[in-house]
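Participant: After the structure tokens below, expect a handful of questions from me.
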Amino acid sequence: PYSVRILLHAQLSRAFTRPWGFLTPKVQVHATSYAFDHVLANGASSANRVLPTLSLDSGLVFERDARYFGRAFRQTLEPRLMYVYTPYRDQSLIPNYDSGLYDFNFATVWAENAFAGHDRVVDNNLVTAGLTTRLLDPESGAEAVRLAIAQRYRFSGQQVVLPGGTPTNRGWSDIMLGAGINWDPRWSFD
């Protein structure tokens, strides 16, 4: 058996950055076309999917001079807010060749799609909020300490899942907590 998959994943974004913050609107289109030598459960031998994703990522940076443990620092406070919308499209008949679920971590909490690969695009209507504080060396700018928290709120339940997967309900996600310490060049903790 064979199948042909043609895909296009295009995006247009514009980052507006200033020393005090950023704003990044983004539009993505994920288009996929499949042709099969066999029929799907609905009797079709092809499938097509076009999904737009709209996102708006924003953040602010506040700084102040601080002193901890007898050491001078520049301390930041960085709130971040990101909204993502991708409409629902039924993808249950499309075979899953390469999609997998991302682990839920600090890198992926800010991702527009919960899946790696191209056979599944998650439906989203959610906002992610986070807060990071850093202690920076005022001479070199090197980061000595980073503390962060993030959480996601889903306005509607997720319907697109991997085969055998469980959808995520409407509401709050788990809270992500993170820390990184580089107190001196000899050791670090993350």
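The values are calculated or read from the model by the stated rules, or taken from the named source; none is laboratory data. Please read all numbers here as calculations on a predicted model, not as lab measurements. Because the Cβ atoms are built from the backbone with ideal geometry, glycine has one as well, and the counts that use them run over all protein chains shown. For accessibility, only protein heavy atoms count, side chains too; no ligands or nucleic acids. Shrake-Rupley method; radii C 1.70, N 1.55, O 1.52, S 1.80 Å.
Participant: Does at least one position in the stretch 114-121 carry a residue that is modelled with pLDDT under 95 and charged (D, E, K, R)?
Facilitator: Looking for residues that are modelled with pLDDT under 95 and charged (D, E, K, R), one finds at least one in the stretch 114-121, hence yes.
Participant: Among the candidates Arg134, Arg170, Arg146, single out the residue that is of a type in the set (Lys, Arg), over 13 Å from the mean Cα position of the chain (by Cα) and surrounded by fewer than 16 Cβ atoms within 10 Å (Cβ to Cβ).
Facilitator: On the way: Arg134 fails: surrounded by fewer than 16 Cβ atoms within 10 Å (Cβ to Cβ); Arg146 fails: surrounded by fewer than 16 Cβ atoms within 10 Å (Cβ to Cβ).
After ruling out the rest, the residue left standing is Arg170.
Participant: Among the residues of the stretch 115-126, what is the count of those that are open to solvent by 30 Å² or more (accessible area, probe 1.4 Å) and under 23 Å from Gly178 (Cβ atoms)?
Facilitator: 1
Participant: Assuming Thr132 fulfils every condition listed in (1) within 30 Å of Leu40 (Cα to Cα); (2) not in a loop (DSSP other than H, G, I, E, B); (3) not aliphatic (A, V, I, L, M) apart from one, which condition is it?
Facilitator: Of the numbered conditions (1) within 30 Å of Leu40 (Cα to Cα); (2) not in a loop (DSSP other than H, G, I, E, B); (3) not aliphatic (A, V, I, L, M), the odd one out for Thr132 is (1).
Participant: Say we look at the stretch 149-167 and pick out the residues that are assigned to a loop (DSSP other than H, G, I, E, B) and hydroxyl-bearing (Ser, Thr, Tyr); which of these is surrounded by the most Cβ atoms within 10 Å (Cβ to Cβ)?
Facilitator: Filtering the stretch 149-167 for residues that are assigned to a loop (DSSP other than H, G, I, E, B) and hydroxyl-bearing (Ser, Thr, Tyr), the one surrounded by the most Cβ atoms within 10 Å (Cβ to Cβ) comes out as Ser156.
Participant: Here's something else I'd like to know. Considering each residue of the stretch 12-36, count those that are free of Cβ contacts under 8 Å to residues at least 40 places away in the same chain and polar (S, T, N, Q), and give that number.
Facilitator: Selection size over the stretch 12-36: 4.
Participant: Has the stretch 84-100 got at least one residue that is out of contact with any strand residue (DSSP E or B) (no Cβ under 8 Å at 6 or more places or on another chain), open to solvent by 30 Å² or more (accessible area, probe 1.4 Å), aromatic (Phe, Trp, Tyr) and farther than 27 Å from Lys26 by Cα?
Facilitator: No, because not a single residue in the stretch 84-100 is out of contact with any strand residue (DSSP E or B) (no Cβ under 8 Å at 6 or more places or on another chain), open to solvent by 30 Å² or more (accessible area, probe 1.4 Å), aromatic (Phe, Trp, Tyr) and farther than 27 Å from Lys26 by Cα.
Participant: I would also like to ask the following. Taking interchain pairs and intrachain pairs at least six residues apart, which have beta carbon atoms under 9 angstrom, with the first residue in the stretch 159-172 and of a type outside the set (D, E, K, R) and at pLDDT below 90 and the second open to solvent by 100 Å² or more (accessible area, probe 1.4 Å) and in a loop (DSSP other than H, G, I, E, B)?
Facilitator: Partner pairs satisfying both residue conditions: Pro167/Gln159.
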